[in-house]
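One structure below.
Bear in mind these aren't lab numbers, they're just calculated from the coordinates by the rules spelled out. No experiment lies behind these values; they were computed from the predicted model shown. Because the Cβ atoms are built from the backbone with ideal geometry, glycine has one as well, and the counts that use them run over all protein chains shown.
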Amino acid sequence: MSLCINNQLLYQSIALNGQQYFLNATYAPTSTSWYGVTINYQMDGNSAQTPYNVYLDNLTFQYW
């Protein structure tokens with residue numbers, strides 16, 4: 001999970017293979033010539049990591 005506080009990006013935690021790790025790492029923004037929005041979507045596997053397909057339809061993006 002990440003938050004933006006005082007114009008700094010705070011990475012609070014990351015989950016990997018069902019285990020949550022707490023980072024609490026803060027980074028300042030960097031300059032870029034790219035303008036856009038990136039939306040990340042996470043697909044979790046089952047215990048056997050059986051492959052499967054997921055189709056994302058009617059996505060709604062909100063910001064506040």
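What is the chain's relative contact order, in percent, from Cα pairs under 8 angstrom and six or more apart in sequence? Mind dumping the intermediate values first?
Values: 47 pairs, mean separation 12.1, N = 64.
Relative contact order here is 19 percent.
Quick check: convex hull of the Cα atoms in the chain, volume per residue, rounded to a whole Å³?
Details: hull volume 9.1 nm³, N = 64.
Spread over its residues, the Cα hull of the chain gives 142 Å³ apiece.
Which FRET efficiency value, to the nearest 0.05, do you get for residue 40 and residue 6 by plugging their Cβ-Cβ distance into 1/(1 + (r/R0)^6) with R0 = 30 Å? Present the calculation step by step, with values, prior to reporting the outcome.
Working: r = 23 Å, r/R0 = 0.77.
The formula returns an efficiency of 0.85 here.
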